[in-house]
1. Which residue pairs have Cβ atoms closer than 7 Å, lie 6 or more positions apart in sequence or on different chains, and pair a first residue in the stretch 92-104 that is in contact (Cβ under 8 Å) with a residue 60 or more places away in the chain with a second residue that is hydrophobic (A, V, I, L, M, F, W, C) and outside any helix (DSSP H, G or I)?
2. Identify the single condition in (1) surrounded by 14 or more Cβ atoms within 10 Å (Cβ to Cβ); (2) under 20 Å from N126 (Cβ atoms) that S83 does not satisfy, given that it satisfies every other one.
3. Collect the residues in the stretch 137-192 that are touching a residue at least 40 places away in the same chain (Cβ under 8 Å) and of a type in the set (S, T, N, Q), keeping them in residue-number order.
4. Cβ contacts < 6 Å: first residue touching a residue at least 60 places away in the same chain (Cβ under 8 Å), restricted to the stretch 114-128; second residue open to solvent by 20 Å² or more (accessible area, probe 1.4 Å) and of a type in the set (V, I, T), any location; separation 6+ or different chain. Result?
5. Among the residues of the stretch 40-85, count how many are closer than 18 Å to P175 by Cα and among the aliphatic types (A, V, I, L, M).
6. Taking the stretch 53-70 as the search range and keeping residues that are more than 17 Å from A30 (Cβ to Cβ) and in a loop (DSSP other than H, G, I, E, B), which one is most open to solvent (accessible area, probe 1.4 Å)?
Amino acid sequence: MRTREEIKLQAKACYRSDMGTSIGAYIVFALVCGVLSGATGGVAAFILMPVLTIGYNFMLSRMYLGGKGNIGDIFTQAFTNFSRKLGGYLWMMLFTFLWSLLFYIPGIVKALAYSMTPYILANEPNVKAKDALKLSMRMTQGYKAEIFVFYLSFIGWGLLSALTCGILELVFVGPYRQLSMAGLYWELRANAVANGVITEEEFAGVTGEGNPF
């Protein structure tokens, strides 16, 4: 599996190869989420933000893998197989919330275990909603600490963004961070397949193993 530094280097290269799309997609996604958060008391956000996040993850994945980014993919992919994507994301939120009731540490651990679910829902169209959570748990088994450190590695960039009143966040940090997260998914996926933890057939839609909790 590639190191954190290697994943982030590839994410930077993808960002630089198509800066316009990287920045534009991040701004569009942030604006739409902001509008939805203020609409109808948050009901629209509850229903639409999960699938839009998955659509955005689809676009990011294609860019990380060397494809051409397309902002329209955020919306077309969001509403393709809508109920499966919304259901999978809401299951993830529900299970994370339930574990969080046992105090912060169990909630954080489970959040890390489920963290690949939106990317599975975005990139593995034949995997069922609950199976996406199961696959995420198997992919992240033994790597939760590394994922946690990966997330923490962007704190410095966040502080720099604050100093620029968020401008740096919009034009570099946000797109770079999101591309890196998509890259982490693909490296964990490749690692799981290479080590026999998950087969390509399972990513193609064969029922996963284990309890979603």
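1. Once the first residue is in contact (Cβ under 8 Å) with a residue 60 or more places away in the chain and sits in the stretch 92-104, its partners that are hydrophobic (A, V, I, L, M, F, W, C) and outside any helix (DSSP H, G or I) give F95/F213.
2. It is condition (1) that S83 fails.
3. Across the stretch 137-192, the qualifying residues are T140, Q141, S153, Q178, S180, N191.
4. Close Cβ pairs satisfying both conditions: P118/T53.
5. 9
6. Restricting to residues being more than 17 Å from A30 (Cβ to Cβ) and in a loop (DSSP other than H, G, I, E, B), the top hit is K68.
The values are calculated or read from the model by the stated rules, or taken from the named source; none is laboratory data. On a predicted model such as this, the values are computed, not experimentally measured, just so you know. Note: ideal-geometry Cβ built from the backbone for every residue, glycine included; neighbour counts use all protein chains shown. In case anyone asks, the SASA skips ligands and DNA or RNA and just uses the protein heavy atoms, side chains included. Shrake-Rupley method; radii C 1.70, N 1.55, O 1.52, S 1.80 Å.
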